[in-house]
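I have placed the structure first, in the form of structure tokens, so that the comments after it can refer back to it.
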Amino acid sequence: MKKLSAEERYREREMYESPDDYIRAKLRRRNIRAAIILLTAAVTLTVTVFYLVEHFRVTKVYVDGNTRYSNEEISERVMEGFLGDNSLVMSVKYRFRDMPEFPFIERMDLNVLDHETIQIKVYEKALAGYINHLGSYIYFDRNGTVVETSTQRISDIPEVTGLQFDYIILYEKLPTKSEAIFSRILNTTQLLRKYELHADKIYFDSKENMSIFFGGVRADLGQDEYSDEKLSNLSKILPALEGKKGVLEMESFTPETNNVTFRGK
């Protein structure tokens with residue numbers, strides 16, 4: 001605003017009947033200017049906030065690597081809270097804090113692809129099997145480390161029986177005389193998934209001979225030899241044994257002999 005000269009201020013004061021009227025007029029004009037400034041600032045702030053809220057609203061979410069939780073379960077947890085569906089807010093929030101925790105997920109990474117699109121990369125815990133202990137499912141990894149205890153039963157992770165433990169502590173290794181057995185369990189679990197075999201449980205005897213149960217059929221696989229070939233053949237044999245009960249003797253199986261015997265009950 002242009003600053004008035006002394007002569008202009010004098011002429012302005014002469015327009016009013018008294019000094020009080022002049023002061024009141026000056027205050028009114030000052031208050032009007034302040035109100036206009038505040039209104040302009042409020043409108044500007046409102047428009048800016050509206051733009052930030054609407055422009056960065058997430059409308060597309062890509063979730064990769066998840067098998068144990070649905071896309072909806074993961075995206076809802078990641079985007080929960082005030083302005084939780086705002087990509088700008090999420091990019092700042094998850095830079096300074098961890099992503100939401102899930103029992104069977106090791107970690108999750110958030111990538112903002114554009115202002116309305118995010119990608120959630122899921123890294124699940126590598127579970128080898130579980131032990132049914134006091135009504136809870138004790139899940140362990142390929143090293144025999146207990147990674148989770150839960151009341152949730154995961155269908156594609158087999159129960160392991162026959163192993164004896166003096167104690168079970170979360171995030172510590174299960175105490176066994178042979179740690180290599182856990183790698184064998186994970187390998188078996190992966191082969192079962194590879195050949196689309198749905199095992200009820202895996203059993204180890206005192207000599208670490210392995211048996212796998214499929215409904216009423218028990219497959220005795222013996223020691224850790226030709227596991228891939230044994231389970232490959234098992235996937236072809238089991239459909240013919242549906243509804244039957246008995247034992248498949250595969251301990252002496254080799255790729256050369258294909259030695260398999262079924263003893264029905």
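Quick look at the values:
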item	result
Some residue of the range 173-192 being assigned to a strand (DSSP E or B) and among the β-branched types (V, I, T)	no
Of all residues making up the range 220-264, the number that are more than 35 Å from the chain's Cα centre (by Cα) and either outside the structural domain of R193 (by TED's automatic domain parsing) or not in a loop (DSSP other than H, G, I, E, B) (or both)	13
Scope the range 153-163; condition surrounded by fewer than 16 Cβ atoms within 10 Å (Cβ to Cβ) and either at pLDDT 85 or above or among the hydrophobic types (A, V, I, L, M, F, W, C) (or both); matching residues	R153, T161, G162
Residue within the range 215-237 that is among the basic types (K, R) and more than 15 Å from L191 (Cβ to Cβ) present	yes
Search result, residues across the range 201-219 that are at pLDDT below 90 and either in a strand (DSSP E or B) or of a type in the set (S, T, N, Q) (or both)	S206
Residue that is farthest from P255 (Cα to Cα) [pool: residues in the range 214-243 that are surrounded by 18 or more Cβ atoms within 10 Å (Cβ to Cβ) and among the basic types (K, R)]	R218
Criterion: outside the structural domain of D64 (by TED's automatic domain parsing) and touching a residue at least 24 places away in the same chain (Cβ under 8 Å) - qualifying residue of V112, V146	V146
Test set (1) surrounded by 15 or more Cβ atoms within 10 Å (Cβ to Cβ); (2) charged (D, E, K, R); (3) free of Cβ contacts under 8 Å to residues at least 12 places away in the same chain - D166 fails condition number	(1)
Identity of the residue in the range 54-86, small (G, A, S) and modelled with pLDDT of 90 or more, that ends up surrounded by the most Cβ atoms within 10 Å (Cβ to Cβ)	S75
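The values are calculated or read from the model by the stated rules, or taken from the named source; none is laboratory data. Being a predicted model, the structure only gives us computed values, none of them experimental. When we count neighbours, we look across all protein chains shown, and the Cβ atoms used for this are built from the backbone with ideal geometry, even at glycine.
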